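As structure tokens, the structure follows; a few thoughts come after it.
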Amino acid sequence: MATVQDFRSENRGGFHGPTVVLLFLVTATVSLPVGFRFYPPDPAVAACKKTDDALKKQGVKKSERLSKPEPKATYPSKLGLLLELLREFQ
């Protein structure tokens, strides 16, 4: 099973579940899913975002906050997953 993440909503609570990247073939008469990938978020980027959000709340300037960590190949972006799906579909 893919990684499970927290999805929070102020007015609806939240739930745990995976993020899925889908590729659809759309024509004038029908729409069909032709591929999907599970998106595993990078824990280092998620932790950095959490820290960055806390610093924003405290009023720390952007120039004084830490920069985002470099993305790792083991955690592809959603765009990277979509491009992989497109290459496979061709």
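A short reminder: the numbers here are calculations on the coordinates, not readings from a lab. Computed from a predicted model, the values in this text were never measured in an experiment. No Cβ is skipped: glycine too gets one built from the backbone with ideal geometry, and neighbour counts run over all protein chains shown.
Listing for the model above:
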| quantity | calculated |
| --- | --- |
| For V34, distant residues with modelled amide H under 5 Å away | L23, F24, L25 |
| Derived scalar couplings ³J(HN,Hα) [segment 55-63; Karplus, 6.51 cos²θ - 1.76 cosθ + 1.60; whole Hz; x for Gly, Pro] | 5, 4, 4, 7, x, 6, 5, 4, 5 |
| Residue-by-residue Karplus 3J(HN,Hα) for segment 32-39, coefficients 6.51, -1.76, 1.60, Hz, glycine and proline x | 10, x, 10, x, 8, 9, 7, 9 |
| Ascending count of other beta-carbon atoms within 10 Å, so fewest first, for V34, V45 | V34, V45 |
